[in-house]
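The block underneath contains the structure these notes are about, expressed in structure tokens.
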Amino acid sequence: GLFGTVWGILTAFWAIGQQKSSSLAVVGPYIAEALIATAVGLAAAIPAVIAYNYFVSKLKVLGKDLNDFAIDLEHRIEREFF
């Protein structure tokens, strides 16, 4: 994603330097390549962030449930044995 974008822009600037022209015909293909790399990166990153946040929220709930269970168990043990 990001590397492909930087590479595409770098290549576009290199083409401008080689052609001594900044016309759309010179830089257009390289800019398109950079935008495709950006789109592919976003297509991978957005679902990954959504999945990450989903699992983090599930782990927080699980952690709270385990903590509640530990507190309940501690209270039962105290009532039974002490």
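Each reported figure results from applying straightforward, stated rules to the coordinates on display, with no laboratory input. Please read these numbers as outputs of a predicted model, since none were measured by experiment. So basically every Cβ, Gly included, is an ideal-geometry build from the backbone, and we count neighbours across all protein chains shown.
Between the helical axis of 2-19 and the longest alpha-carbon principal axis of the chain there is an angle of about 10 degrees.
Here's the picture: charge each Lys and Arg Cβ at +1 and each Asp and Glu Cβ at -1 in the chain, and of 30, 50, 63 the one pushed furthest to the positive end of that dipole is 30. Dividing the radius of gyration of the alpha carbons in the chain by their Kirkwood radius gives 1.60 for Rg/Rh. Rounding to the nearest 10 and keeping the result within 0 to 90°, find how far the Cα-based axis of helix 24-81 lies from the longest principal axis of the chain. So the inclination is approximately 10 degrees. For the chain, averaging the sequence separation of C-alpha pairs within contact (under 8 Å, six or more residues apart) and dividing by the residue count gives a relative contact order of 31 percent.
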